[in-house]
Amino acid sequence: MRSLSTLIFVVLAATASASTHSTHIVNTDDGYEFRLVRDSDGQSFASLKRDGIRYVTTDANVIADIEKAMEKHRELSASHSRLGRRHSELGREHSQLGREHSRLGREQSRLAREASRYGDAEDVERQQRDLEKEQRKLEEKQRQLEDRQRELEDQQHDLEARQRIAERDANRAIEQIFDRAVRDGKAKRD
């Protein structure tokens, strides 16, 4: 059975002098290969290679059926992208907290040096208490970020499971579409 770990989905979009070219490729270790190519000038083709034999179609209806079979996977891929952006946002927040932790550490070191130099213990203690309050606030923000990170990771695991199912279903549907297209003479052996 084809699994997510052996599938490589590549969606390429390139712009060359106002002509958009997109390719969707699925490869597995067992030699299965599916390819869908669309150009903005209306030229499209799909190919399926399995058991060493490649079939190709340019039939618009067959390609439309393939597109429909891939729809759920594309929706889940878009969700995956959105989730990735949320992960990036959390990463930026983690970085900001790290910088703030560093700033507080430098400030605490400065206060310790001042206390040893000037001996004004009361003022230094007050400033250190203020820094400790800031540190506790940062630690609480850190815990909240970690909670949000865990939630995102749970969503990621759920999404990956749904994607594996969608990929398997899309591959099965595409194979059936190609089988029908070959029978109907709409896909030819390459």
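Data for the structure
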| read-out | value |
| --- | --- |
| Amide H contacts under 5 Å for Ala187, placed H, 5+ residues apart | Val182 |
| Helix-only mean residue ellipticity at 222 nm for the chain, each DSSP H run of n ≥ 4 adding -39500 (n - 2.57), per residue, nearest 500 | -24500 deg cm²/dmol |
| Distance from the stretch 20-85 to the stretch 139-186 (C-alpha centre basis), Å | 16 Å |
| Between 0 and 90°, nearest 10: helix 121-183 axis offset from the chain longest Cα axis | 10 degrees |
| Neighbour net charge for Arg129 - beta-carbon separation under 12 angstrom, K R +1, D E -1 | -3 |
| Rg to Rh, two decimals, where the stretch 45-190 supplies the alpha carbon set and Rh follows Kirkwood | 1.43 |
| Over 19 Å between alpha carbons, listed pairs Lys49/Lys188; Lys72/Lys188; Lys68/Lys186 | Lys72/Lys188 |
| C-alpha long axis of helix 60-118 to longest principal axis of the chain, angle in ° | 10 degrees |
| Glu89 paired with Asp147, simple spin-label distance in nm, labels 7 Å along Cα-to-beta-carbon | 1.7 nm |
| Contour minus Cα-Cα distance for Gln176 and Ala121 (0.36 nm per residue) | 11.8 nm |
| Straight-distance crosslink candidates among lysines, where the alpha carbon sits under 27 Å from Lys141 and sequence neighbours closer than 8 are dropped | Lys133 |
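Bear in mind these aren't lab numbers, they're just calculated from the coordinates by the rules spelled out. Just so you know, these numbers come straight off a predicted model, no measurement behind them. When we count neighbours, we look across all protein chains shown, and the Cβ atoms used for this are built from the backbone with ideal geometry, even at glycine.
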